[in-house]
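Beneath this line is the structure, given in structure tokens, with notes to follow.
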Amino acid sequence: SHAGESFSPHAAMMSTAVRNAEKSRTSTCSFADRVARASIQEYLRVTNKTRWESSMQTVLAAFLLHDSKDDSLLVVSLGTGTKIAAREYVLEDAEGRVVRDSHAEVLARRALQRYLYREIQKCEQDPDGSGSIFEFHNVSSRFVLRASLTLHLYTSSQPCGNATLKRWAKPNSSLRFEGELWENNEHPRILIQAREEGQVAVLVKKDPGAQRKADEGGHEGESKVTCSREGMLAPGTASAKSGLGHVMCCSDKIAKWNALGVQGALMSILAHPIFITSITVGRKFSRPHCLRAFCCRLQDFNASTFPLLNDLQPFKIHHPSVMCTQVKLDEGVIFTGEGGGATFNNEDCMSWSNGDDSCEILDGRHGTAISSPEKTSRLSKKAMMQLFRDTCRVCKQQATTMEADSQTYYKCKQSAESYQGAKRLLFSHRLLFNDWIVSDPKLEDFS
């Protein structure tokens, strides 16, 4: 011991059982760090925290808009969480009030949709539309994102599911871009040689009941990859055919957004598809596994057989720039001795959309809003349907408004013909996502 320092056997024992909550990483480029810093700072601002609390291990995701006119970066939505609603709450929900999936990336995307609806309304209400991120496309009579804007996704941890299967490629996070911004580099075609082993398979998040029975605690990557008759399984996941889960993994959902856009079916009635330009990942990043999971396993998907009316962005797989950030969400340490280690047991999840007065806290296991008296989240299907109707009214699209007012949520979604045609192709093709579990129409028969 150095002079002047007191020696504590207990402290010495603890120090041997401590590790950084996140390992040090190398950034792909400075833009990735800008994205991460902006997301974390906005999270701290919105939640009135002065710093990240290590005791609350979770995942943070955000969507941001970059404007090439002035190189500005705006955080437009946030989500935190690692939980899904138990199956029994979903099956009892015939009114679209339960948020099934409260993983960070999914909450951030639903919060993004709320922001986009408000921006469509703003574009319609502003005579020259200059205050909105959208402009009106006269030929297709739909809204389109301004040409100078690009959409970017940040997630503090490699998303659950296929991306966490560190197989069939060597883990690698060392690629550096030469410039300060992202690069639209070509993704090499992947050789699909282990389809039966699950190389490109979709997976479900294991239902909380099944999770407890299997005694598999922990978040993505905290426990080991397992092998089953259906192939390799990422931690906390199950085969889509197993009956052990009803919610698709985040890797699969991100791949779907890269094929069909983040706007979803309802909004595609009003706006052109919107695609992600870059994805920045924090902990557990591995480039080849992200590329495979987020886009390259769908490298042959192209729905050009369902052309949209003079559409600017056809439904086909889009390959975003995939980057690593050295900026850590959790700068703290974890005690790894007996009973220690990273735990992602916090059931509180959070969402926020740019323009909201405050963030919304959800109980991820029940899919309800803790911060709302009615407990119905503003991200629920019920609330999103109402926002769609409100936007149709503002846009004075008489036919769409009348249809939206008289139709159920399910029928409204089905009326997005081009989107649904592309989705059918994606979900029906044997070599694509034909194991995808679609929502029961009976649970979407509300208006």
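Does the stretch 112-148 hold any residues that are on the phi > 0 side of the Ramachandran plot and open to solvent by less than 10 Å² (accessible area, probe 1.4 Å), and which are they?
Applying the first criterion (on the phi > 0 side of the Ramachandran plot) to the stretch 112-148 yields 129, 141.
Once the filter is applied, which keeps residues that are on the phi > 0 side of the Ramachandran plot and open to solvent by less than 10 Å² (accessible area, probe 1.4 Å), the stretch 112-148 yields only GLY129.
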In the stretch 388-447, anything of a type in the set (Gly, Ala, Ser) and within 21 Å of GLY261 (Cβ to Cβ) is listed as ALA404, SER415, ALA416, SER418, GLY421, ALA422, SER428, SER439
When (1) within 23 Å of LEU329 (Cβ to Cβ); (2) within 19 Å of the chain's Cα centre (by Cα); (3) among the hydrophobic types (A, V, I, L, M, F, W, C) are applied to LEU116, the one that fails is (1)
Please indicate, with yes or no, whether at least one residue in the stretch 279-300 is modelled with pLDDT under 95 and within 30 Å of ALA404 (Cβ to Cβ). no
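Rundown of residues vs (1) open to solvent by 10 Å² or more (accessible area, probe 1.4 Å); (2) over 17 Å from the mean Cα position of the chain (by Cα); (3) at pLDDT 95 or above; (4) hydroxyl-bearing (Ser, Thr, Tyr), yes/no style:
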{"site": "PHE306", "(1), (2), (3), (4)": "yes, yes, no, no"}
{"site": "ASN310", "(1), (2), (3), (4)": "yes, yes, no, no"}
{"site": "HIS319", "(1), (2), (3), (4)": "yes, no, yes, no"}
{"site": "GLU347", "(1), (2), (3), (4)": "yes, yes, no, no"}
{"site": "SER353", "(1), (2), (3), (4)": "no, no, yes, yes"}
{"site": "GLU374", "(1), (2), (3), (4)": "yes, yes, no, no"}
{"site": "LYS382", "(1), (2), (3), (4)": "yes, yes, yes, no"}
{"site": "VAL394", "(1), (2), (3), (4)": "yes, yes, no, no"}
Note to self: CYS359 - would you say it is at negative phi and over 23 Å from the mean Cα position of the chain (by Cα)?
What the structure shows: no
Going through the stretch 230-256 in order, the residues found to be surrounded by fewer than 24 Cβ atoms within 10 Å (Cβ to Cβ) and either part of a helix (DSSP H, G or I) or of a type in the set (S, T, N, Q) (or both) are SER239, SER242, LYS253, LYS256
Fill in: THR47 of a type in the set (S, T, N, Q), in contact (Cβ under 8 Å) with a residue 12 or more places away in the chain and crowded, with 22+ Cβ neighbours inside 10 Å
no
query = When you look at LEU151, is it crowded, with 24+ Cβ neighbours inside 10 Å and touching a strand residue (DSSP E or B) at 6+ places or on another chain (Cβ under 7 Å), yes or no?
reply = no
ILE274: passes all of (1) outside any loop (DSSP other than H, G, I, E, B); (2) under 20 Å from VAL76 (Cβ atoms) but (1)
Within the stretch 42-79, residues polar (S, T, N, Q) and at pLDDT 95 or above come out as SER68, SER72, SER77
Of the candidates ARG37, ARG109, the one satisfying the condition of being open to solvent by 20 Å² or more (accessible area, probe 1.4 Å), more than 24 Å from THR237 (Cβ to Cβ) and of a type in the set (D, E, K, R) is ARG37
Checked against (1) modelled with pLDDT of 90 or more; (2) in a helix (DSSP H, G or I); (3) not charged (D, E, K, R), MET402 satisfies every condition except (1)
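The values are calculated or read from the model by the stated rules, or taken from the named source; none is laboratory data. Keep in mind the model is a prediction, meaning the values are calculated, not measured. Glycine also receives a Cβ, built like all others from the backbone with ideal geometry; neighbour counts cover every protein chain displayed. Just the protein is used for accessible areas: all its heavy atoms, side chains included, with ligands, DNA and RNA removed. Shrake-Rupley method; radii C 1.70, N 1.55, O 1.52, S 1.80 Å.
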